[in-house]
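Engineer: Encoded as structure tokens, here's the structure I'll be asking about.
Rule-based calculations on the coordinates, nothing more; no lab input. Since this is a predicted model, take the numbers as computed values, not measurements. Neighbour counts run over all protein chains shown; Cβ positions are idealised from the backbone, glycine included.
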Amino acid sequence: MSGCQHYNQFSRRDFLSRTSLGLGALGLSSLLNPLPAVTSSVPAKSFSAPNLPPRVKRVIYLFQSGAPSQVDLFDYKPGLKALHGEGLPDSVRSGQRLTGMSAGQKQLPLVSSPYEFKQHGQSGAWVSNLMPNVAEIADQLCFVKSMYTEAINHDPAVTFIQTGSQLPGRPSMGSWVSYGLGSNNENLPTFCVLLSQGAGGGGQPLYNRLWGSGFLPSHHQGVQFRAGRDAILYLGNPQGLSYEARGNQLQHIKAIQEINHEEFGDDRILSKIKQYEMAFRMQTSVPEALDVSNEPEYIYDLYGADSKVPGTYAANCLLARKLAEKDVKFIQLYHRGWDHHGDLPRQIPILSRQTDRASAALVLDLKQRGMLDDTLVIWGGEFGRTVYSQGKLTQDNFGRDHHPRCFTLWMCGGGVKSGLSYGQTDEFSYNIVSNPVHVHDFQATILHLLGVDHEQLTYKYQGRRFRLTDVHGQVVTDLLS
């Protein structure tokens, strides 16, 4: 190739990198003088968002990692008191697979819940005394008691309900929402993640792939906010580098990356540019969004004393409300510690106290601000717990193993019926007897409330079109208001 030919081929790149009118300079101008948040910023994509009327603008998903026991919280089974200590009938189990932790037991002794259940509100929803604050807002909640999943162990079950597949590597629900709907606030991530730890430490591990973007462009992945001074790792500038100098640096990096994209055609380069730009904007937007110093004392009283302690579940619920006010579209909280294979009578009251008040407070706080009508709040884990004891049943102690055949979660807010208890399990809280809701049905319903047809939200990867609900799932219209 002659020198002249080479010059002609790359003259546009030379223009971009050498002139002050290049896209790099234009990008810097938009970073230093950001426009007001747009109402609907949908990034370029192969997917065209279905024209469904959205019922909500945002989702706050309070994920209880480890699987809370539905038998002790929401699925009241009074007949178990007469059967306490007896073996689970074979006709109920029907040969269901057990985990390796209880498969070797000679007997599976039934355990009635030691907690008091009462009906609450005009809806008459059954809630145990472990959740007194949730019980007070029962008429605003939609309990789904007939959830079921295909996974029997934690990691595949959490991966399944978060990504639609038991196998790692698929995009998370929040990433699908980001990909399908874009952002309502260009200065904050579309998908934000907050983690908290239950009492005593431990609990099942949570991997960042659970809020990852999988094969979707990486700028759709969830951004984890941490407790403490630096909420997001590596967001601040190195010591001695000013905000203006950082912007100038990004101008040149962007120009180089645009040249690389033109040459190689790799869209991952564009995602990297988007991430750099977002990180730059977040240097000012994140501290402002997470500043709780001006919250009145009655708000802290509402959420509880822990709301003043960064990194607690209560503090994260308060931050979730603040992020919702900033039009973040998908906010995911993870609270670890619900995996009660043993010592359940001592552990579950602690976890319940940590989450009950703040969960109810979030609902009340959103309502008093007029935000509940366009926000969907979800509370629940990855599967249920067994009605029988894992290990030895004693007078004052027992544990419950994993149970995928049924579990309970609740939803609240825009588009869902309030004061509804949907679905029913048998007298052992073991099998579903009416209105089963598969994980993919649950995911399809969430997307529907956001205005997305789950069958149309697809992404072509390795020759196949993937979606959150994989190859089945349907909207549970009975839950919709």
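Engineer: If the chain between N208 and L52 were fully stretched, how many nm would it gain, using 0.36 nm times the residue separation less the Cα-Cα distance?
Structural biologist: Result: 53.1 nm gained on full extension.
Engineer: Further question: Take the Cα gyration tensor of region 403-464, multiply each eigenvalue by 5, square-root it, and list the three semi-axes largest first, rounded to whole angstrom.
Structural biologist: 28, 18, 8
Engineer: Once you place label points 7 Å from the Cα toward the Cβ at T458 and D374, how far apart are they in nm?
Structural biologist: Going from the T458 label point to the D374 one covers 3.2 nm.
Engineer: From the residues L206, I232, L188, which one has its Cα farthest along the dipole of region 186-345 in the positive direction, the dipole being from +1 and -1 charges on Cβ of Lys/Arg and Asp/Glu about the Cα centre?
Structural biologist: L206
Engineer: With θ set to phi - 60° and the Karplus curve 6.51 cos²θ - 1.76 cosθ + 1.60, what are the ³J(HN,Hα) couplings of region 340-345 in order, to the nearest whole Hz, using x for Gly and Pro?
Structural biologist: 9, 6, x, 6, 4, x
Engineer: Related question: Only counting other Cβ atoms within 10 Å, I'd like W176, W126, W338 sorted with the fewest neighbours first.
Structural biologist: On the way: W176 33, W126 20, W338 23.
Ascending number of Cβ neighbours within 10 Å: W126, W338, W176.
Engineer: Given R₀ = 35 Å, what would the calculated FRET efficiency be for V309 paired with L241, taking r from the Cβ atoms and rounding to 0.05?
Structural biologist: The formula returns an efficiency of 0.60 here.
Engineer: Using θ = phi - 60° and the Karplus form 6.51 cos²θ - 1.76 cosθ + 1.60, what ³J(HN,Hα) does each residue of region 465-478 get, whole Hz, x for Gly and Pro?
Structural biologist: 8, 9, 8, 4, 8, 6, 10, 7, x, 9, 5, 8, 5, 5
Engineer: What order do you get for 273-281, 469-477 when each peptide is scored by the mean count of other beta carbon atoms within 10 Å, highest first? Don't skip to the answer; put the middle values down first.
Structural biologist: Values: 273-281: 18.4, 469-477: 15.7.
Put in order of decreasing packing, that is 273-281, 469-477.
Engineer: Please list, in order along region 308-314, the HN-Hα scalar couplings obtained from phi with the Karplus expression 6.51 cos²θ - 1.76 cosθ + 1.60 (θ = phi - 60°), rounded to whole Hz, x for Gly and Pro.
Structural biologist: So the Karplus estimates, Gly and Pro as x, are 8, 9, x, x, 7, 4, 5 Hz.
Engineer: Under the rule a/c < 1.5 gives rounded, and otherwise a/b versus b/c splits prolate from oblate, where does region 51-136 land using the Cα gyration tensor?
Structural biologist: oblate
Engineer: Just from the alpha-carbon atoms, what are the Rg and Dmax of region 186-338 in angstroms?
Structural biologist: Just the Cα atoms of region 186-338 yield Rg and Dmax of 17.7, 57 Å.
Engineer: Next up: Run the dipole for region 171-266 about the Cα centre, Lys and Arg Cβ at +1, Asp and Glu Cβ at -1, nothing else charged, and hand back the magnitude in debye, nearest 20.
Structural biologist: I would put it at about 480 debye.
Engineer: Same structure again: Inverting the mean 1/r over all pairs of different Cα atoms, compute the Kirkwood radius of region 375-437 and quote it in Å.
Structural biologist: Details: mean 1/r = 0.0733 Å⁻¹.
With all distinct Cα pairs of region 375-437 included, I get 13.6 Å.
Engineer: Could you please rank C192, C317, placing first whichever residue has the fewest other Cβ atoms within 10 Å of its Cβ? Show your work: numbers first, answer last.
Structural biologist: Numbers: C192 27, C317 31.
Ranking C192, C317 by Cβ neighbours within 10 Å, fewest first, gives C192, C317.
Engineer: Here's something else I'd like to know. Report the charge-dipole magnitude of the chain in Debye, nearest 20, computed about the Cα centre from +1 at each Lys and Arg Cβ and -1 at each Asp and Glu Cβ.
Structural biologist: 700
Engineer: With respect to the cross-link table entries K57/K326; K272/K322; K118/K392; K118/K145; K57/K460; K57/K272, which display a Cα-Cα separation exceeding 21 Å?
Structural biologist: Working: K57/K326 11 Å; K272/K322 27 Å; K118/K392 29 Å; K118/K145 16 Å; K57/K460 26 Å; K57/K272 27 Å.
With Cα atoms farther than 21 Å apart: K272/K322; K118/K392; K57/K460; K57/K272.
Engineer: How high is the relative contact order of region 332-438? Use alpha-carbon pairs under 8 Å, at least six apart in sequence, and give a whole percent.
Structural biologist: That works out to 26 percent.
Engineer: How large is the convex hull of the Cα atoms of region 274-358 per residue, expressed in Å³ as a whole number? Don't skip to the answer; put the middle values down first.
Structural biologist: Working: hull volume 10.1 nm³, N = 85.
Convex hull of Cα atoms, per residue: 119 Å³.
Engineer: Right, here's the next one. Could you point to the residue in V71, P114, A245 farthest towards the positive end of the chain's charge dipole, with +1 and -1 charges on the Cβ of Lys/Arg and Asp/Glu respectively?
Structural biologist: A245
Engineer: If you don't mind, another one. Any idea how far the Cα center of region 168-214 sits from the one of region 370-434, in Å?
Structural biologist: Using only Cα atoms, the two centres lie 22 Å from each other.
Engineer: Then there's this: With 10 angstrom as the radius, rank C406, C412 by how many other C-beta atoms surround their C-beta, starting from the fewest.
Structural biologist: C412, C406
Engineer: Please work out how much length the chain gains when fully extended from D139 to A82, using 0.36 nm per residue of separation minus the C-alpha to C-alpha distance, in nm with one decimal.
Structural biologist: Length gained, D139 through A82: 17.5 nm.
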